[in-house]
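Novice: The following block contains the structure, expressed as structure tokens.
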Amino acid sequence: MLNDLTIAQVSDPHIGPAKYRGINPRQQFLDVLQVLAKKPLDLLVLSGDLTAVEGEPEAYTWIKQTLATFPCPYILMAGNHDHVARMKRVFALPDSSVKNGMLYFSHVVKGRRLLFLDSSPYRIAKRQLEWLSTLSEPKEPALLFVHHPPLKCGCQFMDEHHALQNIDEVWQVLSQCPQIQHIFCGHYHAEKTVIKNNKFIHITPSTVFQIETQNPPFSIEHITPGWRIIEWKEMQVQTYVEWLTPPFYH
Ligand SMILES: [Fe+2]
């Protein structure tokens, strides 16, 4: 009998010192946490781009203080707007999670295997891919989390300007990992699921704003915060995106 596992994935909160285009990222993050705190979660995953620019320590400190009262454990990932050494210092991340300056690790919750990669330099380093391939032996099912989607996925602006740079190299390894059926990403500020090589790549919206997927130039589609719920029951993974609704937003 396998344990049921429920995860909330919150992505790209971009906590900064000020408002962005009239949006208040801190308040939107707080509003999302207020909703999630009422859910029966086993884990909260913050899938990168925690800060506005490049890993401002003050933003990390604010996030740490904010999450101190959150009712379930949380895991942090690095995005391209993060700074791993500062994350390690502020959150006192263990040495086992930060290796050669990269935040990648395996974590077991309720007997379920979760894998986390660091794509913050727009690449997944060869060292991480070698580590991932060594984990493929037991064929134990695992969920993979990585900030950048490991493919181009029909979001024009992000695909053209901000895609992961070593997609082919990453897929050479992923295709050798049958235990990974679901990959959870952020970075694109959009809701989308794409299937490649029988794997589901789920892209989770931001808590700040969503990017129009059909236009080549950058434009904001809307500013309603979203997050993803992941339910792993027996051998089945179900996942869906939820949006902040009134009374928060109109
Ligand atoms: Fe990003």
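Novice: Under 18 Å from the Cα of Lys126, which lysines turn up, not counting those fewer than eight places away in the same chain?
Specialist: Candidates past the 8-residue exclusion: Lys99.
Novice: Can you check what the net charge comes to around Leu33, using other residues whose Cβ is under 11 Å from the Cβ of Leu33 (Lys, Arg +1; Asp, Glu -1)?
Specialist: Net local charge, Leu33 excluded: +2.
Novice: Let me ask something else about it. Would you please name the chymotrypsin sites (Phe, Trp or Tyr not before Pro) within the stretch 100-184 that are DSSP coil residues with at most 16 other C-beta atoms within 10 Å of their C-beta?
Specialist: Tyr122
Novice: Related question: Could you work out the Rg to Rh ratio of the stretch 32-99, with Rh taken as the Kirkwood radius (inverse of the mean 1/r over all Cα pairs)?
Specialist: Radius of gyration over Kirkwood radius for the stretch 32-99 works out to 0.96.
Novice: Taking the dipole about the Cα centre of the stretch 16-72, with the C-beta of Lys and Arg at +1 and of Asp and Glu at -1, give me whichever of Val45, Phe70, Gln34 is farthest to the positive side.
Specialist: Towards the positive end, the residue furthest out is Gln34.
Novice: Which whole-Hz couplings ³J(HN,Hα) result when phi for each residue of the stretch 32-39 is put into the Karplus expression 6.51 cos²θ - 1.76 cosθ + 1.60, θ = phi - 60°, listed in order with x for Gly and Pro?
Specialist: My calculation for the stretch 32-39 gives 5, 4, 4, 5, 5, 5, 8, 8 Hz in order.
Novice: Right, next: Quick one: which of Lys88/Lys139; Lys39/Lys110; Lys152/Lys233 span more than 25 angstrom between C-alpha atoms?
Specialist: Beyond 25 Å between Cα atoms: Lys88/Lys139; Lys152/Lys233.
Novice: Convex hull volume of the Cα atoms in the stretch 101-223, per residue, in Å³?
Specialist: Taking only Cα atoms, the stretch 101-223 has a hull volume of 108 Å³ per residue.
Novice: Still on this structure: Counting helices only, and only those DSSP H runs with n ≥ 4, report the 222 nm mean residue ellipticity of the chain as the sum of -39,500 (n - 2.57) divided by its residues, in deg cm²/dmol to the nearest 500.
Specialist: -6000 deg cm²/dmol
Novice: Principal axes first, then extents: for the Cα atoms of the chain, list largest minus smallest coordinate on each axis, whole Å, largest first.
Specialist: 49, 40, 34
Throughout, read-outs are computed from the coordinates displayed, never taken from laboratory work. These numbers come from a predicted model, not from an experiment. A quick note on method: Cβ atoms are made from the backbone with ideal geometry, for glycine too, and the neighbour counts reach across all protein chains shown.
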